[in-house]
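Scroll down for the structure; my scribbles are underneath it.
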Amino acid sequence: MISVNNVSLSFGKRVLFDEVNIGFTKGNCYGVIGANGAGKSTFLKILSGEIEPNKGTVTISPGERLAVLKQNQFEFDEQTVLNTVLMGHKKMWDVMHKKDAIYADPEATEDDYMKAGELEAEFGEMGGYTAESDAATLLSELGVREEYHQMLMKDIPSILKLRVLLAQALFGNPDILLLDEPTNGLDIETIGWLENFLADYENIVLVVSHDRHFLDSVCTHVADVDRSKIKVFTGNYTFWYESSQLMARQMTDKNKKTEEKRQALLDFIARFSANASKSKQATSRKKALEKLTIEEIEPSNRRYPGIIFQPLREVGNQILNVENLSSAIEGRKLFSKVTFSINKGEKIAFLSKDPLAVTNFFEIINGNMEADGGKFEWGTTITKAYLPVENNGFFENGLNLMEWLRQYVPPHVTDADEPFLRGFLGKMLFSGDDINKKTNVLSGGEKVRCMISRMMLQNPNVVVLDQPTNHLDLESIQSFNEGCQTFPGIVLLTSHDHTFLQTVANRIIELTPKGIIDRLMTFDEYMEDKRVKELREEMYGSAVLA
């Protein structure tokens with residue numbers, strides 16, 4: 001168990017935590033949620049001892065081992081990949097080096113060898129004799145091929161370093177596991193593996209993530225960081241979100257009788273209890289929800305942006321025709337033979353094992369990059385709005401938010417006065433003096449919210465979204481997701497957010513070096529389709545991206 005007692009932390013006048021008291025128990029996985037800047041990552045650092053609170057204590061049960069997902073990719077540059085993983089179990093790593101040092105010492109005494117024998121026994125009890133094979137298996141399951149295991153960390157591709165550090169945290173079955181954004185840099189298949197690994201994990205897990213599907217798959221509880229406090233709620237993220245929204249509606253509905261409201265909440269809890277999933281954690285989650293009382297459900301204090309795309313006109317019959325498009329970079333073929341047309345009502349998720357492929361494709365069809373071959377043509381009725389994955393170039397002029405947004409007023413808008421522009425900024429939670437903030441000092445999340453304001457201003461009937469959830473908090477992601485679901489136009493998107501893809505897309509197109517895979521189905525159906533799996537193997541071969 002890990003207990004937090006009266007923990008407070010301030011940075012200058014800013015109070016991050018105020019008298020936080022909370023406990024985390026074995027067998028539970030806690031999703032730590034909160035707005036950007038609320039202190040989620042800082043809280044994990046307090047638990048790990050990396051940050052000392054101004055007041056209060058963190059207590060871990062005696063003998064329990066805590067492991068943390070490291071964020072510094074360069075910390076282990078001079079270690080081999082395999083040793084980096086083994087170092088995740090510090091006590092075992094230290095014991096191994098102590099006993100090996102004795103054996104390597106030509107002047108070692110009989111007492112030293114007695115000590116080495118004791119260390120051997122301790123090493124065996126910790127699983128030391130299978131440690132290397134266990135670490136190698138873990139690396140392989142996380143997509144780090146065996147050929148990298150004996151290489152130095154500084155010499156492997158940067159995208160693999162995140163996976164090695166994740167393997168380091170998971171190695172050796174720690175009693176308490178702290179994971180800050182563990183799905184960063186993982187593909188869909190590896191995220192699925194991690195979901196199953198954590199769903200069956202029997203110890204304590206605390207995880208910060210913006211991936212709602214991941215949180216839903218692994219979490220038994222939600223730890224909500226809000227207003228300098230942390231409250232723990234039973235259930236996964238979707239249960240927390242929907243129950244808090246239901247409670248908020250109940251509080252504003254003055255016509256319904258108390259008993260009707262109570263029954264609605266009980267029905268809601270029962271429905272979620274019946275749908276609890278994921279192996280061993282299914283039982284604990286179901287039992288926890290069945291014991292849940294209505295009094296534990298509280299409305300959320302969160303503010304959700306209003307992301308609503310309102311097309312000026314409906315799309316015509318010709319939307320986008322792509323013919324034999326191809327692109328390569330530095331001799332690496334990103335995609336080829338890309339041919340398809342878009343029909344009314346389609347919302348298409350674009351996938352690729354190469355992270356650059358979809359970005360290049362979106363840049364090409366938005367006129368920002370030249371293809372190596374082929375052509376594309378947009379219909380004459382199309383008004384599109386594009387959210388690129390890289391947006392820093394839009395914010396270098398140092399304008400304030402009002403001036404910045406005014407640059408992008410489309411020709412059809414004739415009355416773009418201050419109240420009109422404030423409305424678009426206000427929907428993205430920029431209010432009051434926020435409009436005077438300079439764009440060159442905005443955070444990553446604020447920049448994305450500005451870009452979304454710009455998109456809404458265009459009144460598009462086609463939106464193109466490259467990793468739309470990057471830098472956003474869960475509230476913005478939820479609103480963005482719902483806005484795309486209700487949007488009457490065309491959506492073209494790529495994302496690492498499983499829920500976003502599953503709930504928005506009704507067609508999947510995968511770009512590969514040998515052509516495309518094109519299916520009218522949901523994302524989950526696509527990933528489970530037997531023929532699609534065979535095609536993916538044919539298209540990619542045995543190549544694994546670095």
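The values are calculated or read from the model by the stated rules, or taken from the named source; none is laboratory data. Since this is a predicted model, take the numbers as computed values, not measurements. Cβ placement follows ideal geometry from the backbone for every residue including glycine, while neighbour counts extend to all protein chains displayed. Note: accessible area is taken over every heavy atom of the protein model, side chains too, but ligands, DNA and RNA are not part of it. Shrake-Rupley method; radii C 1.70, N 1.55, O 1.52, S 1.80 Å.
If I filter the range 422-448 down to residues being in contact (Cβ under 8 Å) with a residue 40 or more places away in the chain and closer than 17 Å to residue 389 by Cα, which single residue comes out as surrounded by the fewest Cβ atoms within 10 Å (Cβ to Cβ)?
Once the filter is applied, the top-ranked residue is 443.
Out of 91, 45, 98, I need the residue that is assigned to a helix (DSSP H, G or I), at pLDDT 90 or above and in the same structural domain as residue 2 (by the TED database). Which one? Can you show your working first?
Working: 91 fails: in the same structural domain as residue 2 (by the TED database); 98 fails: in the same structural domain as residue 2 (by the TED database).
45 is the lone residue from the list that is assigned to a helix (DSSP H, G or I), at pLDDT 90 or above and in the same structural domain as residue 2 (by the TED database).
Which numbered condition in (1) touching a Pro at 6+ places or on another chain (Cβ under 7 Å); (2) of a type outside the set (Gly, Ala, Ser); (3) in a strand (DSSP E or B); (4) closer than 26 Å to residue 453 by Cβ is the only one that residue 348 fails?
Status for residue 348: all satisfied but (1).
Tell me yes or no: at least one residue of the range 323-336 is farther than 20 Å from residue 500 by Cβ, of a type outside the set (Asp, Glu), part of a loop (DSSP other than H, G, I, E, B) and open to solvent by 80 Å² or more (accessible area, probe 1.4 Å).
The answer is yes; a qualifying residue exists.
Just to be sure before I move on: is residue 190 assigned by the TED database to the domain that holds residue 28, part of a helix (DSSP H, G or I), of a type in the set (Ser, Thr, Tyr) and open to solvent by less than 30 Å² (accessible area, probe 1.4 Å) in the structure I sent?
yes
So residue 120 passes all but one of these: (1) in contact with a Gly (Cβ under 9 Å, 6 or more places away or on another chain); (2) charged (D, E, K, R); (3) within 28 Å of residue 154 (Cα to Cα). Which condition number does it fail?
Single failed check for residue 120: (3).
So that you can scan it fast, the table gives a plain yes or no per residue for (1) touching a residue at least 40 places away in the same chain (Cβ under 8 Å); (2) at negative phi; (3) not in a loop (DSSP other than H, G, I, E, B):
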| position | (1), (2), (3) |
| --- | --- |
| 53 | yes, yes, no |
| 103 | no, yes, yes |
| 116 | no, yes, yes |
| 119 | no, yes, yes |
| 122 | no, yes, yes |
| 147 | no, yes, yes |
| 159 | yes, yes, yes |
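Counting only residues that are open to solvent by 60 Å² or more (accessible area, probe 1.4 Å) and without any contact (Cβ under 8 Å) to a residue 12 or more places away in the chain, how many does the range 124-145 have?
6
The rows are residues; the columns are (1) open to solvent by less than 30 Å² (accessible area, probe 1.4 Å); (2) without any contact (Cβ under 8 Å) to a residue 12 or more places away in the chain; (3) not assigned by the TED database to the domain that holds residue 473.
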{"position": "2", "(1), (2), (3)": "yes, no, yes"}
{"position": "14", "(1), (2), (3)": "no, yes, yes"}
{"position": "28", "(1), (2), (3)": "yes, no, yes"}
{"position": "35", "(1), (2), (3)": "no, no, yes"}
{"position": "72", "(1), (2), (3)": "no, yes, yes"}
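Scan the range 487-499 for residues that are under 24 Å from residue 311 (Cα atoms) and either open to solvent by less than 30 Å² (accessible area, probe 1.4 Å) or in a helix (DSSP H, G or I) (or both) and jot them down.
If the condition is that a residue be under 24 Å from residue 311 (Cα atoms) and either open to solvent by less than 30 Å² (accessible area, probe 1.4 Å) or in a helix (DSSP H, G or I) (or both), then 487, 489, 490, 491, 492, 493, 494, 495 are the ones that fit.
Restricting to the range 500-522, count the residues that are surrounded by 22 or more Cβ atoms within 10 Å (Cβ to Cβ) and in a helix (DSSP H, G or I).
3
Regarding the range 395-416, can at least one residue be identified that is over 28 Å from residue 478 (Cβ atoms) and in a helix (DSSP H, G or I)?
Looking for residues that are over 28 Å from residue 478 (Cβ atoms) and in a helix (DSSP H, G or I), one finds at least one in the range 395-416, hence yes.
Can you tell me which residues in the range 449-461 are open to solvent by 10 Å² or more (accessible area, probe 1.4 Å) and in contact with a helix residue (DSSP H, G or I) (Cβ under 8 Å, 6 or more places away or on another chain)?
Across the range 449-461, the qualifying residues are 449, 454.
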